[in-house]
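Notes for the one structure printed next.
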Amino acid sequence: MSDLRNRFGQLGMEALGAFMLVTTISISATTAPAAAPIAVGVILAAMIYAGGHVSGAHYNPALTLALFLRGGIALADVLLYMAAQLGGAVVGGLIGGLITGHTVAPKMGASSNHLQAFLAEAVFTGALAFVFLSTTSSEASKGNPYFGAAIASVVTVAGYTIAGVSGAVLNPAVGAGLVLTHNWLKVGYLVWLVAAQIVGAAGGVGAFWFVAPSDFTEVSEEARNMFEAARLRAREGASEARGLLPHRGEAGWTTSAAHWPSPAPPGLPGAAPAAGVRPPISDALLRAIVDGETPDYWVNDILWALLGYRRLPKDHPDREREGQGGEGGEGGGDGNGDSDEWDTSAVAEVMVAAGYGAAPPDFIGRPGVTTAAADKPVKKAIQALNRSVPAPGKQLLKSRLGFRGYKVGQMTPNRTRRATAVNWVLWWLTQHGLDTEADDGGSWAEQRQARGEGQTGGEEGKTLA
């Protein structure tokens, strides 16, 4: 019963704080508008000192959200706090209106536009959230005597600086309490303000993490799970893509035919599959590669197999010594620490001519490698692969899979090399009279549209490294 009683006390304090804040705003904006920022700041400081030890004295859903992102409050408490704040604000709006007989609602400045109002609210809400976290949740500043004054000062400063731009609300509960009781016509503007305040709160948390990483121990587990769920929804299909690659044993990326690949007939690229054997490549796999939803080593493994490289098992009699090869780059390592030796009897002539007759090159590169010297061997290898495809085959990625290019922000070396690799795979398939496995997921454009992705901004069909 004691815990329940304490919980009601916390929620009652949040409702009371929001009530006094909105009541003061409603009355002072009518009776003494010039002094309103001071009146609001003073009552806010007083209520913070009065209720800080009870509920934490948020009185503002944006600050509750900031503390949640900081990891200082559970999601269930967030919802209860916000409900209490909103309830107190609505009652405060009603009482303030009854006392003055006038209506007060947030409004945009006569010479301001929506973007200016959004930025003003976001910046000062962010400052409020930053000061709130710094003075109340930091181990170094807990129990300080100035936290109420510091938080209230931000509100007072905002009242004097941006009241003529956005209304200086900084608090979704205050905005809702005034709009819902005084002027329903301002609901559209309220939504705009709340969006800015949410952005500002997140920005304040980010600033606190940046300047005080030792105090920012971790993001709330619930918040992290919410972000992860959103990320997975945005990249739906990635988990299915991981199951598309066949088993990768010690000998690398293979099919069920142990004797494949074999030398290709003259004039055909890469190695040749055995009679009746086709590589298990699907449209879905190729799309996942181009969209960056597969590990980099998948791309290398597929290219190496189709080009005729075969990794020798560790107990193979043709292995000369342990330790040959490297991790990534030339030498055919894949970054997993294995020592690789190769049967290169079936390697494509184009690779032999380019100097890769002893071991396969890295066609993708390593994450984080940005120097030109380190990236030069990878660039040379993917360009050699691209040059092996004649002009009629350069646009297979576009004509066969409907790929229309990356967006400008996606034009990274890794992505363009993946596109070049997939285009070469399609060329290899056509030259050997093969096709990809059936894919009933719809066209690439249809799948991307279903995921809310576009295909604009990049140079159409660009696959050059």
Only residues that are assigned to a helix (DSSP H, G or I) and buried (at least 18 other Cβ atoms within 10 Å of the Cβ): list them for segment 66-79, please. 66, 67, 68, 69, 70, 77, 78
Single residue of segment 1-22 satisfying the filter (under 40 Å from the mean Cα position of the chain (by Cα) and more than 20 Å from residue 136 (Cβ to Cβ)) that is modelled with the lowest pLDDT: 3
State all residues of segment 199-234 that are modelled with pLDDT of 90 or more and over 17 Å from the mean Cα position of the chain (by Cα); if no residue qualifies, say none. 200, 201, 204, 207, 208
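Of the residues 96, 51, 56, which single one is crowded, with 17+ Cβ neighbours inside 10 Å and over 38 Å from the mean Cα position of the chain (by Cα)?
Numbers: 51 fails: over 38 Å from the mean Cα position of the chain (by Cα); 56 fails: over 38 Å from the mean Cα position of the chain (by Cα).
That would be 96, the only listed residue that is crowded, with 17+ Cβ neighbours inside 10 Å and over 38 Å from the mean Cα position of the chain (by Cα).
Go over the candidates 35, 45 one by one and state the one that is crowded, with 19+ Cβ neighbours inside 10 Å, of a type in the set (A, V, I, L, M, F, W, C) and in a helix (DSSP H, G or I).
Within the list 35, 45, the selection yields 45.
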Residue list for segment 91-117, restricted to those being under 28 Å from residue 199 (Cβ atoms), in a helix (DSSP H, G or I) and free of Cβ contacts under 8 Å to residues at least 40 places away in the same chain: 115
What tally of residues in segment 125-165 results from selecting those that are farther than 18 Å from residue 70 by Cβ and open to solvent by less than 50 Å² (accessible area, probe 1.4 Å)? 10
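Could you tell me whether segment 155-178 includes any residue that is modelled with pLDDT under 90 and of a type in the set (Gly, Ala, Ser)?
Residues of segment 155-178 that are modelled with pLDDT under 90, as a first pass: none.
No, segment 155-178 contains no residue that is modelled with pLDDT under 90 and of a type in the set (Gly, Ala, Ser).
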Give segment 133-161 a look and list any residue that's in a loop (DSSP other than H, G, I, E, B) and free of Cβ contacts under 8 Å to residues at least 60 places away in the same chain, or say none. 141, 142, 143, 144, 145, 146
Scanning segment 347-376 for residues that are at pLDDT 80 or above and within 31 Å of the chain's Cα centre (by Cα) gives 362, 363, 364, 365, 376
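One line per residue, one yes/no per condition, for (1) closer than 18 Å to residue 300 by Cα; (2) at pLDDT below 70:
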{"site": "319", "(1), (2)": "no, yes"}
{"site": "332", "(1), (2)": "yes, yes"}
{"site": "340", "(1), (2)": "yes, yes"}
{"site": "345", "(1), (2)": "no, no"}
{"site": "392", "(1), (2)": "no, no"}
{"site": "417", "(1), (2)": "yes, no"}
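The values are calculated or read from the model by the stated rules, or taken from the named source; none is laboratory data. From a predicted model like this one, the values you see are computed outputs, not experimental measurements. When we count neighbours, we look across all protein chains shown, and the Cβ atoms used for this are built from the backbone with ideal geometry, even at glycine. Protein only, heavy atoms only, side chains kept; ligands, DNA and RNA dropped before computing areas. Shrake-Rupley method; radii C 1.70, N 1.55, O 1.52, S 1.80 Å.
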